[in-house]
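Q: Have a look at this one.
Nothing in this text is a laboratory measurement; each read-out follows from the coordinates by a stated rule. Quick caveat: nothing in here was measured; it's all calculated off a predicted structure. Please note: Cβ atoms are built from the backbone with ideal geometry, for glycine as well, and neighbour counts cover all protein chains shown.
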Amino acid sequence: MKAISLIFLLMLFGSLPSQAEYRVFVLQLVNSKTNVVRQIQTTLDPEQYETYYPHSPDEKLTYVQTWRCRGRTDFLKPHCTPPQKPLTKAQN
């Protein structure tokens, strides 16, 4: 039984190295009293962001854009840039 467990663990941890990915969200925070608009770039989705960073009732948080990045976000690395939109025939 130990041999089977050992083989399973070796197969599990000895496979190809995995690639980390994360998603970047652009959120917009609008204050209805002062009309101040802020855009926030974060790895938290809108629901998670509101849980970690509560805002005043006068502010409304909306989702603007998202994209996927390869790699890790540790050691305060900057987020990857958003992908470029392909040109349409009208833009050529």
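Q: When a footprinting reagent is the concern and you count Cβ atoms within 10 Å, what order do V64, V24 take, fewest first?
A: Details: V64 12, V24 18.
The most exposed by this proxy come first: V64, V24.
Q: Which order do peptides 73-84, 41-52 fall in by mean Cβ count within 10 Å, highest first? Kindly include the intermediate steps, with their values, before the conclusion.
A: Numbers: 73-84: 9.7, 41-52: 13.2.
Ranked by mean Cβ neighbours within 10 Å, highest first: 41-52, 73-84.
Q: Could you size up the charge dipole of the stretch 19-72 around its Cα centre, putting +1 on the beta carbon of Lys and Arg and -1 on that of Asp and Glu, and report it in debye to the nearest 20? Walk me through the intermediate numbers first.
A: On the way: 7 positive and 6 negative charges, 53 e Å.
The dipole of the stretch 19-72 has a size of about 260 debye.
Q: Same structure, new question: What FRET efficiency comes out for A20 versus D58 if R0 is 41 angstrom and r is the Cβ-Cβ distance? Round to the nearest 0.05. Walk me through the intermediate numbers first.
A: Numbers: r = 38 Å, r/R0 = 0.91.
It comes out at approximately 0.65.
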